[in-house]
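*Asks:* Starting off with a structure, shown below.
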Amino acid sequence: MISVFDRLGRRHSISSVFNDLVSMAICGFHQINIQSCLTVKDAENENRYLEISNKYGHQELEDFAKIIGLIQLQVYEAPYADPLGEYYMQTISNGKNGEYFTPEPVCEMMAKMQGSKNSIHLKTAFDPACGSGRMLLAFAKLNPDNFFYGAELSNTCAKMAVINFFLNGLRGEVAWMNSLSMEWYGGWQINQNGLGILPIEKEQSRIWSAPPQSKQNNKGQRIQLDLF
């Protein structure tokens with residue numbers, strides 16, 4: 001995968017290539033595409049895909065397809081891992097602005113602290129600064145039968161989380177937004193009402209329309225409530 005990225009990076013900025021990859025993958029895994037077996041197309045989604053793909057030649061688009069295929073194989077061989085996040089962190093962000101994702105072993109430890117394997121069902125897991133979604137992936141590895149919600153300020157990271165959710169079969173939503181100011185930039189529902197990714201507006205977002213609340217316990221401490 002790295003060698004294919006390097007080849008694409010000779011003509012284009014590697015950060016732009018990476019963002020275009022996850023953007024086109026989201027377009028390709030659009031709910032209408034999947035559920036109609038490509039017999040029906042969403043016009044807005046098609047225009048978004050063509051706007052990106054027109055920047056590249058035929059061979060380069062084949063390289064994009066190879067990368068997406070390799071990522072799918074990696075997810076098949078190691079479910080709930082985060083190859084996209086690892087590549088992004090090591091090659092693109094390089095710790096810029098202090099951007100380091102939580103190490104996967106730490107994510108797994110924190111997930112185990114929430115409950116043993118298959119002990120939690122039909123609950124909501126929410127990460128207000130989800131990055132590529134690896135904390136939620138770690139929780140899903142132990143307890144997949146739940147609903148997963150992540151908010152993220154970085155456009156590229158939010159899109160990585162969307163792809164990670166989709167490929168690992170998580171049901172939920174990713175919001176590209178500022179979790180502190182509640183400024184909304186975009187969002188996606190993943191594997192809700194069937195398989196696939198569906199772009200949403202803020203009025204359709206459960207994260208934006210019903211943000212987490214907190215209250216004081218009997219010791220006067222602020223505690224987090226469930227998201228919904």
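The values are calculated or read from the model by the stated rules, or taken from the named source; none is laboratory data. Since the model is a prediction, treat every value here as computed from it, not as a measurement. Neighbour counts are summed over all protein chains in view; Cβ atoms, including those assigned to glycine, are modelled from backbone coordinates with ideal geometry.
*Asks:* How do the pairs read when you match residues in region 62-81 that are farther than 21 Å from Ala111 by Cα with residues anywhere that are of a type in the set (Asp, Glu), using Cβ under 8 Å and keeping only pairs 6 or more apart or on different chains?
*Replies:* Phe64/Asp20
*Asks:* For region 19-32, check the following and say yes or no: at least one residue is modelled with pLDDT of 95 or more, in contact with a Ser or Thr (Cβ under 9 Å, 6 or more places away or on another chain), closer than 17 Å to Ile200 by Cα and among the aromatic types (Phe, Trp, Tyr).
*Replies:* No: zero hits.
Conditions (1) closer than 17 Å to Gly196 by Cα; (2) touching a strand residue (DSSP E or B) at 6+ places or on another chain (Cβ under 6 Å); (3) β-branched (Val, Ile, Thr), marked per residue:
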{"site": "Cys27", "(1), (2), (3)": "yes, no, no"}
{"site": "Ser36", "(1), (2), (3)": "yes, no, no"}
{"site": "Asn45", "(1), (2), (3)": "yes, yes, no"}
{"site": "Tyr56", "(1), (2), (3)": "no, no, no"}
{"site": "Asp63", "(1), (2), (3)": "no, no, no"}
{"site": "Val75", "(1), (2), (3)": "yes, no, yes"}
{"site": "Leu84", "(1), (2), (3)": "no, no, no"}
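*Asks:* Can I ask one more? Out of (1) surrounded by 14 or more Cβ atoms within 10 Å (Cβ to Cβ); (2) touching a helix residue (DSSP H, G or I) at 6+ places or on another chain (Cβ under 6 Å); (3) on the phi < 0 side of the Ramachandran plot; (4) not aliphatic (A, V, I, L, M), the odd one out for Tyr87 is which?
*Replies:* (2)
*Asks:* Okay, moving on. Taking region 100-126 as the region of interest, how many residues are free of Cβ contacts under 8 Å to residues at least 24 places away in the same chain and either touching a strand residue (DSSP E or B) at 6+ places or on another chain (Cβ under 9 Å) or surrounded by 13 or more Cβ atoms within 10 Å (Cβ to Cβ) (or both)?
*Replies:* Initially, region 100-126 is screened for residues free of Cβ contacts under 8 Å to residues at least 24 places away in the same chain, giving 100, 103, 105-106, 109, 113.
This time we only want the ones that are either touching a strand residue (DSSP E or B) at 6+ places or on another chain (Cβ under 9 Å) or surrounded by 13 or more Cβ atoms within 10 Å (Cβ to Cβ) (or both), so: 106.
So the count comes out to 1.
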